[in-house]
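S.K.: Below is one structure. I have some questions about it.
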Amino acid sequence: MSKRINFGKLIEKQLPPELVNFMWVAGEMANSRGEKLYLVGGVVRDLLMEQANFDLDLVVEGNAIELAQQLTGINKGKITTHPRFNTAKLQWHDWSIDLATARSETYAKPGALPAVTPSSIDDDLSRRDFTINTMAIRLNPGYYGKLVDPHGGREDLQSKRIRILHEKSFTDDATRIWRALRYEQRLSFHLERRTQTLLQRDIPMLETISADRTRYEMECICKEKYPEKVFNRAGELGVLAALHPSLKGDGFLKEKFEHARQECSPEPPSFDLYLALLAYPLTAEEIEQLISRLNLPRLSAKTLRDTIAVKNKMRSLSTPGVSPGAIYNLLRDFSPTALEANSLVTQSAVAGQAIHLFLNRLKDVQVSLTGDDLIQMGIAPGPQIKEILGLLHQAKLNGKINTRHDEEEIIKGWLAQQQGGTTPPA
Ligand code: CTP
């Protein structure tokens with residue numbers, strides 16, 4: 001049996017005093033408006049697990065926008081409202097709080113965004129994904145700290161179970177397939193048996209999810225501490241193949257993601273870097289399929305394409321003694337993230353060093369003289385200006401010259417030779 005917990009005390013213990021105070025005030029205000037107010041969802045789950053989560057989601061049986069407007073008057077914070085869904089976001093100092101009107105949802109067709117109707121807290125909790133996310137804590141004075149748990153969320157939390165509420169949950173919203181794996185791996189829980197059966201049955205429903213929503217799920221996974229665990233599990237259950245049949249969530253990914261975290265520390269690796277590593281084994285054609293499957297923005301798409309292009313240059317980069325100028329020419333057009341991905345994957349120490357040399361130094365090498373400077377020094381305008389600047393750049397990359405003075409000396413030397421009848425060396 002669950003032991004009795006004083007949820008008011010739990011809130012005070014785990015949340016910053018500013019937020020605790022805000023919830024008191026909000027509860028009192030809702031009361032004076034004759035409305036019931038609740039803290040819901042992920043934050044309640046995390047309170048019970050004693051894990052930090054300051055993303056407050058409040059649900060009111062009443063009018064969320066009006067309540068939020070009244071609360072902004074007190075906090076002098078910023079408010080953003082979405083009248084279509086009757087929700088509001090409050091922001092002040094570093095805090096951001098979502099306030100929603102309790103609602104029920106109906107799905108016109110699988111994967112569509114739901115139609116919403118104002119409703120009770122019970123309906124609001126019943127529309128949610130997993131039992132562990134269907135708990136609420138009442139905030140009104142007199143009831144402050146009372147847990148509402150109609151679906152056995154607390155018991156599932158104790159048994160470390162991810163369980164959906166009804167058979168059509170994944171059909172209604174197949175993004176929950178990805179969410180289930182994300183919670184399971186983040187919390188080290190397990191999928192309840194029937195939930196797992198239905199999840200696997202409904203894998204084809206992932207086709208009903210738009211590319212943008214699928215990409216959002218991938219971004220959420222890549223914000224997890226260990227995204228490779230989610231991809232590995234997705235591979236085991238056949239979910240990853242629905243994203244692209246050639247993707248693998250195996251040991252390669254674990255090793256490379258860990259390596260990426262070490263290299264990027266203290267920052268976490270970017271979404272693009274994780275995605276480039278995930279997509280590394282794909283062919284150019286498969287990369288294009290993945291790009292459209294996720295409707296990737298231009299720069300992310302370029303990173304994936306570049307990753308493959310750089311992969312095809314690894315043999316040239318692995319040649320010992322390849323000059324800095326040649327390294328620059330091989331890598332100049334590619335996104336730094338694609339280069340990082342390749343340096344994480346390559347087995348060749350020479351190629352890895354070449355990429356680091358490019359990223360840490362060569363990419364920033366610039367010639368000090370401009371075309372105008374060259375003309376002023378006596379070089380005739382025309383295509384040779386660009387050619388000479390290119391030669392200076394190569395000389396600088398290869399360490400033959402370093403300063404502006406060196407560049408001027410070279411030009412002067414060439415001009416002297418020209419006057420003597422010779423042209424600059426090609
Ligand atoms: N939710 C849902 N179905 C979805 C997305 C969200 O039922 N497809 C519900 C869940 O009850 C969830 C709440 O909406 O708790 C808020 O969503 P989100 O912020 O994504 O969930 P959190 O649990 O706060 O997630 P996280 O811990 O990853 O921030």
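Bear in mind these aren't lab numbers, they're just calculated from the coordinates by the rules spelled out. This one's a predicted model, so the numbers in the text were calculated from it and none came from an experiment. Cβ sites come from the backbone with ideal geometry, for glycine too, and all protein chains shown count toward neighbours.
S.K.: Reachable lysines from LYS223, Cα under 25 Å, same-chain residues fewer than 8 places away excluded?
M.R.: The reachable lysines, counting only those whose Cα sits under 25 Å from LYS223, are LYS89, LYS160, LYS248, LYS254, LYS256, LYS302.
S.K.: Among ALA100, GLN196, ILE327, whose Cα sits farthest toward the positive end of the charge dipole of the chain (+1 at Cβ of Lys/Arg, -1 at Cβ of Asp/Glu, about the Cα centre)?
M.R.: GLN196
S.K.: Additional query: Quick check: pseudo-label points 7 Å beyond the Cα along Cα→Cβ at ASP406 and GLU267, how many nm apart are they?
M.R.: Distance between the two pseudo-spin positions: 3.0 nm.
S.K.: From the residues VAL60, THR81, ILE11, which one has its Cα farthest along the dipole of the stretch 2-115 in the positive direction, the dipole being from +1 and -1 charges on Cβ of Lys/Arg and Asp/Glu about the Cα centre?
M.R.: So the residue furthest toward the plus end is VAL60.
S.K.: Classify the chain as rounded, prolate or oblate from the Cα gyration tensor: take a ≥ b ≥ c as the square roots of its eigenvalues, call it rounded if a/c is under 1.5, otherwise prolate when a/b beats b/c and oblate if not. Numbers along the way, then the final one.
M.R.: Numbers: a/c = 3.01, a/b = 2.11, b/c = 1.43.
Taking the square roots of the gyration eigenvalues as a ≥ b ≥ c, the chain is prolate.
S.K.: List the lysines whose alpha-carbon lies under 22 Å from that of LYS412, not counting same-chain residues fewer than 8 positions away?
M.R.: Partners found: LYS386, LYS396, LYS400.
S.K.: Further question: Any idea what the dipole of the stretch 13-59 comes to, in debye rounded to 20, about its Cα centre with Lys/Arg Cβ at +1 and Asp/Glu Cβ at -1?
M.R.: Working: 4 positive and 7 negative charges, 30 e Å.
For this selection, approximately 140 debye.
S.K.: Mind ranking 336-346, 364-374, 199-209, 302-312 by how tightly packed they are, going by the mean number of other C-beta atoms within 10 angstrom, highest first? List each step's numbers first, then the result.
M.R.: Working: 336-346: 23.0, 364-374: 14.4, 199-209: 16.9, 302-312: 20.6.
Answer by packing, highest mean first, reads 336-346, 302-312, 199-209, 364-374.
S.K.: Which of these, THR171, THR134, THR106, has the largest mean-square fluctuation under a Gaussian network model of the chain (Cα springs below 10 Å)?
M.R.: Among THR171, THR134, THR106, the largest GNM mean-square fluctuation belongs to THR106.
S.K.: Let me ask another. Using unit Cβ charges (K, R positive; D, E negative) and no other charged atoms, how large, in debye to the nearest 20, is the dipole of the stretch 158-270 about its Cα centre?
M.R.: Working: 21 positive and 18 negative charges, 91 e Å.
Dipole about the Cα centre, nearest 20: 440 debye.
S.K.: Return a whole-number percent for the relative contact order of the stretch 181-263, with Cα pairs under 8 Å and 6 or more residues apart as the contact set. Please report the intermediate quantities before stating the final value.
M.R.: Values: 47 pairs, mean separation 25.4, N = 83.
Relative CO of the stretch 181-263 lands at 31 percent.
S.K.: For a quick check, take a GNM of the chain with Cα springs below 10 Å and name the residue from ILE97, ILE410, ILE164 with the largest mean-square fluctuation.
M.R.: ILE410
S.K.: Moving on to the next point. DSSP beta bridges in the chain, what fraction antiparallel, as a percent rounded to 5? Don't skip to the end; give the middle numbers.
M.R.: Working: 25 of 32 bridges.
Taking every DSSP beta bridge within the chain, about 80 percent pair in antiparallel fashion.
S.K.: Among VAL239, VAL322, VAL60, determine the one that fluctuates most according to a GNM of the chain built with springs between C-alpha atoms less than 10 Å apart.
M.R.: VAL322
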